[in-house]
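As structure tokens, the structure follows; a few thoughts come after it.
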Amino acid sequence: MTLREAYEYGQEQLKNAEIQDAVLDAWYLLEFVTGISRAMYFLRVNEEMSSEQEKQYKAYLVTRASHIPLQHITGVQEFMGLEFCVNEHVLVPRQDTEVLVESVLDVLEPGMKVLDMCTGSGCILISLCKLGKDIAGTGVDISEEALKVAYRNAEKLRADVTLLQSDLFANVEGKYDVIVSNPPYIRTAVIEELKEEVKFHDPFLALDGKEDGLYFYRKIVEESPKYLKKEGKLYFEIGHDQGNDVKCLMEEAGFAKVTVKKDLAGLDRVVFGVYN
């Protein structure tokens, strides 16, 4: 099978399986198996794959056709220009979340302490520490398995961060300049409506925001003032229809200058405010 034949075969298999990004995913898997770049592909389209490469590619296509997320096959996802390890124990970092990281980067100054609540893969915290300057970062998650992934990413990217297993603030000590969180925020009833890659393969704990999707926002807003320095800031990623609700929660708890920020698609994505 030539590279061209393999790519065309991959697209056909994934389209037949109703994979949303069939053409793109067929390419990513071909690139993952062969190590070939786009530019080299067009120069070598008629080159034969090795029998081992062909076998591996077809096996990965079968896996992807069963709606296993692409990133669970390759084991990596790019975020903020950095490559993060991912698996079934953490949410796959999404481009939408880069808006949250960029918003926090705007206010970071050398020496600041940052707490990332519900850190998962560590992508938010590690990105802040790598792209900010002299930041002291702590990441918290209830999941031991998620923290193993975060540890792996911290080592891989040489990020000097502290990682802590804790049910929200239960084991947290000290005060921080910034608390940032992308907590579970999907309504329990809505999870069943999500695409298969998410509802069957993302960790349920990282998705479930309880009945109205606001459970963790309430808990974090309520407890965070005890862990924020004077003029400390709280930043959240939110679902597209949660901006006003989370804004109200923060204002009722005494946060000032509460702002809702949109993502590149024009949807509400980040809410942040200052606690005096």
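The values are calculated or read from the model by the stated rules, or taken from the named source; none is laboratory data. Only a predicted model underlies this, so the values are computations on that prediction, with no experimental measurement involved. Cβ: placed from backbone, ideal geometry, glycine included. Neighbour counts: every protein chain shown.
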Flagged in region 63-95 as under 15 Å from residue 32 (Cβ atoms), of a type outside the set (Lys, Arg), in a helix (DSSP H, G or I) and in contact (Cβ under 8 Å) with a residue 40 or more places away in the chain, in numbering order, are 70, 72, 73, 74
Matching residues, region 226-252, being over 14 Å from residue 276 (Cβ atoms) and under 21 Å from the mean Cα position of the chain (by Cα):
235, 236, 237, 238, 239, 240, 241, 242, 243, 246
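Okay, residues lined up against (1) surrounded by 19 or more Cβ atoms within 10 Å (Cβ to Cβ); (2) out of contact with any Gly (no Cβ under 8 Å at 6 or more places or on another chain):
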site: 103; (1), (2): yes, yes
site: 119; (1), (2): yes, no
site: 148; (1), (2): no, yes
site: 155; (1), (2): no, yes
site: 173; (1), (2): no, yes
site: 184; (1), (2): yes, no
Out of curiosity, is residue 141 within 27 Å of residue 226 (Cβ to Cβ), touching a residue at least 24 places away in the same chain (Cβ under 8 Å), among the charged types (D, E, K, R) and touching a Ser or Thr at 6+ places or on another chain (Cβ under 7 Å)?
yes
Would you confirm whether or not region 32-43 contains a residue that is among the charged types (D, E, K, R), modelled with pLDDT under 95, out of contact with any Lys or Arg (no Cβ under 9 Å at 6 or more places or on another chain) and closer than 23 Å to residue 91 by Cα?
no
Considering (1) of a type in the set (A, V, I, L, M); (2) assigned by TED's automatic domain parsing to the domain that holds residue 227; (3) buried (at least 22 other Cβ atoms within 10 Å of the Cβ), say which one residue 99 fails and leave the rest.
(3)
Go through region 240-267 and report how many residues are buried (at least 20 other Cβ atoms within 10 Å of the Cβ), in contact with a Gly (Cβ under 7 Å, 6 or more places away or on another chain) and not hydrophobic (A, V, I, L, M, F, W, C).
1
